[in-house]
Amino acid sequence: MFSKQLRKRRKERSMATLKDVAKASGLTVGTVSRVLNNRGYISDKTREKVYQVMKELNYQPNEMARSLSKQKNNTIGIILPQIEHPYFAKVLGRLEKEASKRGYRTTVFVSKNKEEREEECIEMCKSARVAGVVLCSGCFGTEKFTGLDFPLITLERSIDQATSGIECDNYQGGVLATELLIEKGCKKLMYIGGRSAGDSIAMPGDYREVGFKDTCEKYHVEHMVMVTDKEQFDTLEYYSFVRNKLEKNPDVDGVFASSDIIGAYVLQACRDLSIRVPQNMKIVGFDDVNIAQFTTPGLTTIHQPVEQMAEQAISDIAMIDAGKVVPSRTVFPVTLVERGTT
């Protein structure tokens, strides 16, 4: 008898409707519908309440019906050049978290920095009728993506024909890193940059190098720029390159690395070359991913506000979905995080 009642109760829960969710949450059907479809302003408290009731009632929205009625579904495509790099892993985690908070699902594509693969990813997003795409993949212009029926949000890459571009203040990051090295007494500085794009494509991250150069020239400090190639960016194998540059320039006493990965390799090469850090060499990285805290000594770095950038990217898609206008470009400030390498 008990088993029969339990099965009946489970069946009733599995057949919950939108009206049931509205009644149980004390809201109108229209409000619940707006939560599910991300239409108009909904407070976080209301959104969380609706999702909690949906979970309790085992309510499953009809994604196919919603997709047909909206001519798109509740999925956001995320295109990354790779997921092995700690920075892109951090970006992915934050984007998924923010998307979930707003009721979106995510589909992840990895382009491996191949233009044809990037185009395939966009075509798959078109076929899937996604609500929007966040494009982090780096080295190809977005002009070939004109005429899309969903918003294309770029994150730390060239904007071109994107709906909105989001980036951090890379130039200011270069200035902050270089000024710190100079303040610490460095007399000859080296910039080591990892470039994923060809020379014809200007990327926001390139302005880290510009900030470095301008600051060195402002303070009349001797400096040099070393830029790795695309293959090293793809494999994350920078050690040989870094060690070679340090061996050929033994008088360099300060390095600004364009990423924490490169900064960690500089620290490793210094150890192998018996260069004491920070006594004889000072190092600043960029991004402030986990690896910056795990090195010994800890890596001084420029903190990139990935959390806020990801929130803005998902918010832009939601606002466009609601028929609102978003800024074409948003730049977030960076901050200096000083640790043991300086």
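The values are calculated or read from the model by the stated rules, or taken from the named source; none is laboratory data. Just so we're clear, the structure is a prediction, and the values are computed from it rather than from any experiment. Cβ placement follows ideal geometry from the backbone for every residue including glycine, while neighbour counts extend to all protein chains displayed. The protein model used for the area step is the full one, side chains on, heavy atoms only, and it has no ligands, DNA or RNA in it. Shrake-Rupley method; radii C 1.70, N 1.55, O 1.52, S 1.80 Å.
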Note to self: Residue under question is A197, and the condition is that it be among the small types (G, A, S) and either modelled with pLDDT under 90 or touching a Pro at 6+ places or on another chain (Cβ under 8 Å) (or both); does it hold?
What the structure shows: yes
Next item on the list: Tally the residues that are open to solvent by less than 10 Å² (accessible area, probe 1.4 Å) and under 22 Å from D234 (Cα atoms), restricting the search to region 100-135.
Entry: 7
Checklist line | Filtered residues of region 88-118 (kept if within 14 Å of G132 (Cα to Cα) and of a type in the set (A, V, I, L, M, F, W, C)) | finding: L95, A99, V108, F109
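Here is a yes/no grid of residues against (1) touching a strand residue (DSSP E or B) at 6+ places or on another chain (Cβ under 7 Å); (2) not in a loop (DSSP other than H, G, I, E, B):
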| position | (1), (2) |
| --- | --- |
| Y191 | yes, yes |
| R208 | yes, yes |
| E217 | no, yes |
| V225 | yes, yes |
| E231 | no, yes |
| L246 | no, yes |
| D251 | yes, no |
| I261 | no, yes |
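Which residues, taken from region 242-256, are touching a helix residue (DSSP H, G or I) at 6+ places or on another chain (Cβ under 6 Å) and open to solvent by less than 40 Å² (accessible area, probe 1.4 Å)?
V242, L246, G254, V255, F256
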Item checked: Evaluation of Q60 against (1) in a helix (DSSP H, G or I); (2) over 30 Å from L155 (Cβ atoms); (3) open to solvent by 40 Å² or more (accessible area, probe 1.4 Å); (4) at pLDDT below 85 (one fails), failing number -> (1)
Next item on the list: Give region 215-241 a look and list any residue that's out of contact with any helix residue (DSSP H, G or I) (no Cβ under 7 Å at 6 or more places or on another chain) and of a type outside the set (S, T, Y), or say none.
Entry: E217, K218, H220, E222, M224, V227, D229, K230, E231, F233, D234, E237
Notebook entry, point to check: Is there any pair with a first residue in region 274-295 that is under 24 Å from K188 (Cα atoms) and of a type outside the set (D, E) and a second that is part of a loop (DSSP other than H, G, I, E, B) and open to solvent by 40 Å² or more (accessible area, probe 1.4 Å) whose Cβ atoms are under 6 Å apart and which are 6 or more apart or on different chains, and what are they?
Noted result: M281/I275; K282/K184
Check: If you check T215, T228, which single one turns out to be more than 21 Å from the chain's Cα centre (by Cα), without any contact (Cβ under 8 Å) to a residue 60 or more places away in the chain, over 21 Å from T335 (Cβ atoms) and open to solvent by less than 20 Å² (accessible area, probe 1.4 Å)?
Finding: T228
Margin query: Checking A292 against (1) closer than 30 Å to R47 by Cα; (2) aliphatic (A, V, I, L, M); (3) open to solvent by less than 60 Å² (accessible area, probe 1.4 Å); (4) assigned to a helix (DSSP H, G or I): exactly one of these is not met. Which one?
Written below: (1)
Notebook entry, point to check: Within the bounds of region 271-289, is there any residue that is part of a helix (DSSP H, G or I) and open to solvent by less than 10 Å² (accessible area, probe 1.4 Å)?
Noted result: no
Check: Which of (1) touching a residue at least 12 places away in the same chain (Cβ under 8 Å); (2) not in a helix (DSSP H, G or I) does G323 not meet, given it meets every other one?
Finding: (1)
Checklist line | Residue under evaluation K97, criteria (1) open to solvent by 70 Å² or more (accessible area, probe 1.4 Å); (2) closer than 24 Å to R329 by Cβ; (3) outside any helix (DSSP H, G or I); (4) modelled with pLDDT of 85 or more, criterion not met | finding: (3)
Check: How do the pairs read when you match residues in region 84-111 that are touching a residue at least 40 places away in the same chain (Cβ under 8 Å) with residues anywhere that are assigned to a helix (DSSP H, G or I) and open to solvent by 60 Å² or more (accessible area, probe 1.4 Å), using Cβ under 7 Å and keeping only pairs 6 or more apart or on different chains?
Finding: E98/E311
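Considering only residues that are at pLDDT 70 or above and out of contact with any Leu (no Cβ under 9 Å at 6 or more places or on another chain), which ones fall in region 148-168?
L148, D149, F150, P151, E156, S158, C168
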